[in-house]
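So the structure is just underneath, and the comments pick up after that.
The values are calculated or read from the model by the stated rules, or taken from the named source; none is laboratory data. The structure presented is a predicted model; accordingly, all values stated were derived computationally and were not measured. Note: ideal-geometry Cβ built from the backbone for every residue, glycine included; neighbour counts use all protein chains shown. We work out accessible area using only protein heavy atoms, side chains counted, and drop any ligands, DNA or RNA first. Shrake-Rupley method; radii C 1.70, N 1.55, O 1.52, S 1.80 Å.
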Amino acid sequence: GCVLVVSVIEQLAQWHNSTVKAAVERLCDYIPGNLCLCTISFSIDREMNADVVCHSLRLCKQDPGQPLCHLYSPPKLYHLYQLTHPSSFIFLPLQKSFMGFSSVCAFPLLANLCEKIKYVLRNKLPFEDFDGDKFSTFPTLRGYHWRGRDCNDKNTTVYPGRRPDNWDVKSDSNCNGIWGVDPKDGIPYEEKFCKGAGSKGVVLLGDSAGAHFHIPPEWMTVTQMSAKSFANLPMAFSDELDWPQFSEITGFLNSTIGGWTDSLYLRLRKRNRCNHRDLQNISQNGMLRFFTFFLNITSADNLARNQLLDNPAIVIYATIGNDVCNGNRDTLAHMTTPKEMLSNVVQALRYLDSRLPNGSHVILTGLVDGRFLWDNLHDRYHPLGQLNKDVTYSQLYSFLDCLQVSPCSGWLTPNETLRNLTSERALQLSNVLKEIARSEKFANFDIFYMDFPLRQTAEEWSKMGGEPWQLIEPVDGFHPSQIAAALGTGITWQKALHEWPQVLGKENPFNDQIEAVFKDQGGH
């Protein structure tokens, strides 16, 4: 964190030919509200990089027997000595200011927000949910960016995805915007338009890729930085730096982070307008192996589906790398084994069988081949390195690995043998999922398998004139980008359309009539 902030400050000073103090003030002017909590007055030697500064502040340290972690190339001899022997008095004003960030939740202005974020991180449920039905009228803090928007947060029997109560003659019980009676024939609109339409929702059980983790590159690219760059910062933090509203499975808003939005939910909604708002994104950041992720879901009872009252659902299981990705030095020893994978996934499917309405579907998504990351990024410049051409993704990966916070030590490494072994294990685990889909049977859903469509996505993007590196998030160099998410949706849809048409259901012939009747009645 210190290296990131100091890098941005140094580059702002360089780009605007200003003092460091002026650069700090400029950065604080960019950041909205009261989120900028420090004022700093000091000077940095132009030959000192962020690594030297942060070690001098003792915010970065070298434990005995551990390597010296640095993002930038090693500095000159004098500053290298400072890096390895930080004094206790260098940059004391900066040290005091930065130390406040380690206990940022102690600030009165942020204490309340921190408590809310801790709640949603712990429970993966909306913080603002007055009736306790797991749906909200508030967008962030696991609200309707993550699950269909509640249309009555004072009534626990009203929520997206339920079967209509008495055909919604008097009110909209399932929040799809369709209710009331047609005065021409006395038939309830919900019955006329949605009866027999095969309405179903979409649920994602995913990782940070499914949640659509994204750090805007303009937050650390000084040549693009302005107050506008940080306008979405409060919302982004309240959504855990995830953007599920633009994601591949549950996206429903036009993207504001580049690319475009195309999602399984939007296509299901277009196919059958009665599916409006029936979505749940139960994804989680962090390197959680499947079993830990599954335990978190079941213990908090995150899945909002009632077998007796609700419509069937399409459930996508897509933790595309967590079972092989970790930040441990002995990364192979911490990967899920095929035997563990089999046991964990079957246990999870049994849980889903006890919760999902009859007629549901489950799609298991295979693990990605993450060698794509190193192959396409390692020699490119990271946003932090674009101004001075001094930080490549290879340097970033090594820095994170040294700190033991790499999102995937097995793939984000110059060690080709390790990258190959990680992909070999990923393929083994994907084959386990494929065999489960082939052999296991459940009472309330059928089950399918599909490979993660990275190769097809890259081919499709290449036909459109794009480059492979554009399919990867530029800041973390790890997650699929908005472009990759949108292209992946189309590939997944076409596979389902041709191989599993029963999953998608039939097209509703009343879609145009629904839009005509309800376009002005809150169904947007």
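Overview of results
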read-out: Label point at H498 placed 7 Å out along Cα→Cβ; residues across the range 252-269 whose backbone nitrogen lies under 11 Å; value: none
read-out: Neighbourhood charge, 14 Å Cβ-Cβ cut-off, centred on V3 and excluding it, Lys, Arg +1 and Asp, Glu -1; value: -1
read-out: Heavy-atom accessible area ranking, 1.4 Å probe, most first, across C60, C151, C175; value: C151, C60, C175
read-out: Gain upon complete extension [L253, Q404; 0.36 nm per residue less C-alpha separation]; value: 50.8 nm
read-out: Whole-Å distance, taken between Cα centres, linking the range 465-497 and the range 337-376; value: 20
read-out: DSSP-assigned coil residues among trypsin sites (Lys or Arg not before Pro) in the range 359-466, each with at most 13 further Cβ atoms within 10 Å; value: K389, K441
read-out: Computed [θ] at 222 nm, deg cm²/dmol, the chain (DSSP H ≥ 4; -39,500 (n - 2.57); rounded to nearest 500); value: -11000 deg cm²/dmol
read-out: The range 348-455 - percent of accessible surface contributed by carbon and sulfur, probe 1.4 Å; value: 48
read-out: Reported label for calculated Rg/Rh (Cα atoms, Kirkwood Rh) given (i) 1.00; (ii) 1.47; (iii) 1.20; value: (i)
read-out: FRET efficiency, 1/(1 + (r/R0)^6) with R0 30 Å, evaluated for A231 and L68 via beta carbons; value: 0.20
read-out: Cβ-based net charge around D131, under 10 Å, with every Lys or Arg adding one and every Asp or Glu removing one; value: -2
read-out: Cα-based shape type of the range 256-403, given that a ≥ b ≥ c are square roots of the gyration tensor eigenvalues and the cut on a/c is 1.5; value: oblate
read-out: Sum of side-chain charges, A496 neighbourhood, beta-carbon under 12 Å (Lys, Arg +1; Asp, Glu -1); value: +2
